[in-house]
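In what follows, a single structure is set out as structure tokens and then discussed.
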């Protein structure tokens with residue numbers, strides 16, 4: 001009983017010691033670590049950093065979810081497509097009414113990049129037997145599925161007689177474009193009319209004294225004024241945004257620092273696009289961060305059909321109008337013929353200006369067909385095993401220097417049931433389904449995770465890496481009296497290449513992507529908490545959980561991504577996973593009695609299509625047994 005606790009304390013001391021040696025204070029980052037798909041983290045569905053969905057373990061546990069939701073369908077599903085609406089908002093001070101377009105999109109805390117010039121459609125796809133998320137249909141699209149140098153920046157006022165503007169976005173870390181000098185009369189007139197200043201190469205501003213750092217809110221066209229010529233006002237506090245910036249008034253301008261600021265603002269998940277411009281003030285410059293806020297609210301709806309719950313209607317609502325520091329409320333609910341699944345959370349991000357902890361609160365309830373107790377070994381009555389999970393968590397978040405971390409208190413009630421939700425204690429072979437033996441386990445845990453994100457773009461990375469480490473210690477309370485410690489590590493590397501000699505300006509650039517991850521559980525291990533190997537987020541070519549149900553695991557994936565056209569790309573991938581010989585150490589040996597191999601590999605081809613709905617992916621995986629599986633979803637695998 002002491003060993004798991006000692007392991008928990010040892011890992012915490014090791015992480016804290018390493019960070020302390022580098023002068024980094026022990027802090028906690030934002031929970032919704034929207035880093036990118038494929039990164040196992042603690043509490044990644046909360047806070048400001050979205051989660052990958054690649055950890056092959058407890059699909060619905062907050063601590064094992066990974067950034068970026070993906071949808072997969074191996075069987076036909078019903079789709080419901082909805083258009084955006086524009087409800088009226090209260091009158092503003094000028095007696096005018098601001099129109100907020102409320103697109104019906106898949107709602108997630110991460111949000112989506114919305115094109116408000118079009119009626120954005122929302123399409124949801126659900127596997128008939130997968131239920132990896134409480135509302136696996138209703139999700140926001142990637143925060144920015146296309147980030148490129150902005151073609152224009154429009155100025156709300158004429159503050160100086162000569163301006164130097166440039167834009168710099170995450171994919172263009174090397175060069176910052178500047179606006180050439182324009183005759184005074186022309187420049188002044190353009191600004192007064194909200195006109196567009198042409199972009200061209202100008203003088204280098206590296207090292208120039210920064211007189212002031214300004215925040216400018218712009219619309220989707222890059223305009224800083226509305227139709228009446230009034231400056232656009234944002235919902236988010238300018239002080240909050242400035243607090244997230246490293247560049248301060250009185251500093252010398254540094255392109256490297258600006259790039260870090262752009263990355264930080266994008267990772268907040270509050271903006272669709274961020275650019276930077278400068279204006280001359282004598283021999284000095286003002287630096288202006290131009291931010292395009294995400295929609296204030298988003299609503300999503302779809303209709304799905306599965307052989308578990310029958311017809312279901314997933315609904316979602318995200319409201320980002322709570323306060324001026326990026327707080328938001330997310331509600332996801334899925335009524336069906338067999339009950340209601342839900343996921344409700346409130347997120348308040350870390351405020352750097354006040355050094356105030358961020359926090360998140362979440363409650364959830366869902367059901368899924370078990371990927372542990374599958375392979376036609378079912379319940380005595382012939383039903384497949386259902387896992388019902390209900391619980392919640394409270395997490396605090398704060399930066400850790402170069403890291404981001406989350407410290408959380410979590411509760412999860414896990415029960416195994418038949419189709420009619422009657423408790424099931426053993427399968428048809430008499431093997432226990434829960435650690436308590438009563439059909440119900442309760443987990444009270446303390447979790448800690450840290451993420452170091454060095455990608456050039458958190459939503460569409462083309463270079464850099466991300467490393468995440470997490471530990472979760474259970475407290476022996478409730479049914480099962482479980483004492484364990486779960487350790488997870490995940491690393492992703494992106495390497496740009498030019499094997500085809502295609503320009504980096506392509507929408508889907510040529511690159512290599514690698515993912516290594518592993519984990520283990522020390523102490524008590526309920527069968528429902530075993531690592532699931534095989535499936536869309538581990539080894540493609542296998543169904544979920546068909547490789548193994550393990551106490552420890554190792555997974556490696558590699559992808560070669562290349563452009564095919566302007567908005568179409570291809571992928572060649574290989575996946576491998578192993579239970580490291582731990583399948584027989586899980587209570588009831590569910591993998592052994594179901595003849596799961598414990599080790600498996602898959603190779604295949606995929607297509608990526610950029611659309612107004614975000615990135616759509618279709619993968620065809622071939623397992624080492626020769627089986628072929630198709631995966632349809634959104635976002636990259638990692």
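Values in this text are rule-based calculations from the coordinates and carry no lab data. Everything quoted here is computed from the prediction, not taken from an experiment. Note that each Cβ is placed from the backbone with ideal geometry, even for glycine, and that neighbours are counted across all protein chains shown.
Under a crude label model (7 Å from the Cα following the beta-carbon direction), how far is residue 226 from residue 283 in nanometres?
Output for this residue pair reads 4.2 nm.
Compute the separation of the alpha-carbon centres of segment 359-392 and segment 560-630 and state it in Å as a whole number.
One Cα centre to the other: 22 Å.
Rank the residues 539, 281, 497, 603 as a footprinting-exposure proxy: fewest other Cβ atoms within 10 Å of their Cβ go first.
497, 281, 603, 539
Starting from the Cα of residue 514, move 7 Å in the Cα-to-Cβ direction to define the label point; list residues of segment 446-481 whose amide nitrogen is under 13 Å from there.
464-466
How many nm separate the modelled label positions at residue 584 and residue 356, each set 7 Å beyond the Cα in the direction of the Cβ?
5.7 nm
Stretch residue 239-residue 446 to full length: gain in nm at 0.36 nm per residue minus the Cα-Cα span?
Here the segment from residue 239 to residue 446 would lengthen by 71.2 nm.
Using 0.36 nm per residue, how much length does the chain from residue 624 to residue 321 gain when fully extended, once their Cα-Cα distance is taken away?
104.1 nm
Distance between the C-alpha centers of segment 209-287 and segment 324-349? Whole Å please.
With segment 209-287 and segment 324-349 each reduced to a Cα centre, they are spaced 31 Å.
Between residue 204 and residue 572, take the C-beta separation as r, use R0 = 45 Å, and let me know the FRET efficiency to the nearest 0.05.
0.65
Assuming 0.36 nm per residue, please report the length gained on full extension of the stretch residue 376 to residue 423 beyond their Cα-Cα distance.
Full-extension gain reported as 15.0 nm.
By average Cβ neighbour count within 10 Å, what is the ranking of 357-367, 589-599, 544-554 from highest down?
Ranking, from highest mean packing down: 544-554, 357-367, 589-599.
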